[in-house]
């Protein structure tokens, strides 16, 4: 497995890019998984469903399965939020893992930057930025610039820069 992050401020277009990037990478013959960080409470379940009721009753984990998919929900209760390294261990093997968010972690990333967002670049504070996909010029000394609308070029960069999972885990420990 190889890993690379897609990081940027909220509203920069990370998810929009990923939704275009995933099929482009799959078309090149790669198996792809994503790992997304959410800054807010989220729920993948609905009140009234059995799995929701199981969690509400206090189950630590609820695994729901059908002939189409399965999902495992793990309630943290009073546990600390898992690290990126811990979460990567939960994924089944694939060719490429795209990590959305986790912008403060030390894994290699492609920064997504949109000028209209009005935010500063994550680079140069983050030395793990390997390239910047943006819709504007980048500052002098920045990592290579990729056109935010050129999905093929971004896919090339992802493939060229993604690191083996053991290298990623070592970065995260460091």
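The values are calculated or read from the model by the stated rules, or taken from the named source; none is laboratory data. Not measured: the values here are computed from a predicted model. Cβ coordinates were reconstructed from backbone atoms using ideal geometry, including for glycine residues, and neighbour counts include every protein chain displayed.
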Residues of segment 144-174 being part of a loop (DSSP other than H, G, I, E, B) and buried (at least 20 other Cβ atoms within 10 Å of the Cβ), in sequence order, are 148, 162
**Study point:** residue 138 outside any helix (DSSP H, G or I), in contact with a strand residue (DSSP E or B) (Cβ under 7 Å, 6 or more places away or on another chain) and over 28 Å from residue 70 (Cα atoms)
**Key:** yes
Looking across segment 34-90 at residues that are assigned to a loop (DSSP other than H, G, I, E, B), in contact with a strand residue (DSSP E or B) (Cβ under 8 Å, 6 or more places away or on another chain) and free of Cβ contacts under 8 Å to residues at least 40 places away in the same chain, the single one that is nearest to residue 22 (Cα to Cα) is 44
In the set 11, 5, the lone residue that is under 18 Å from the mean Cα position of the chain (by Cα), within 30 Å of residue 114 (Cβ to Cβ) and part of a strand (DSSP E or B) is 5
Among the residues of segment 85-126, the number that are modelled with pLDDT under 95, within 17 Å of residue 3 (Cα to Cα) and either buried (at least 17 other Cβ atoms within 10 Å of the Cβ) or over 16 Å from the mean Cα position of the chain (by Cα) (or both) is 3
Filter segment 51-68 for residues that are exposed (fewer than 10 other Cβ atoms within 10 Å of the Cβ) and at negative phi; the one that is farthest from the chain's Cα centre (by Cα) is 57
Out of (1) surrounded by fewer than 13 Cβ atoms within 10 Å (Cβ to Cβ); (2) over 25 Å from residue 117 (Cβ atoms); (3) modelled with pLDDT under 90, the one residue 39 does not meet is (2)
Conditions (1) at pLDDT 95 or above; (2) touching a helix residue (DSSP H, G or I) at 6+ places or on another chain (Cβ under 6 Å); (3) not in a strand (DSSP E or B) -> residue 22 fails only (2)
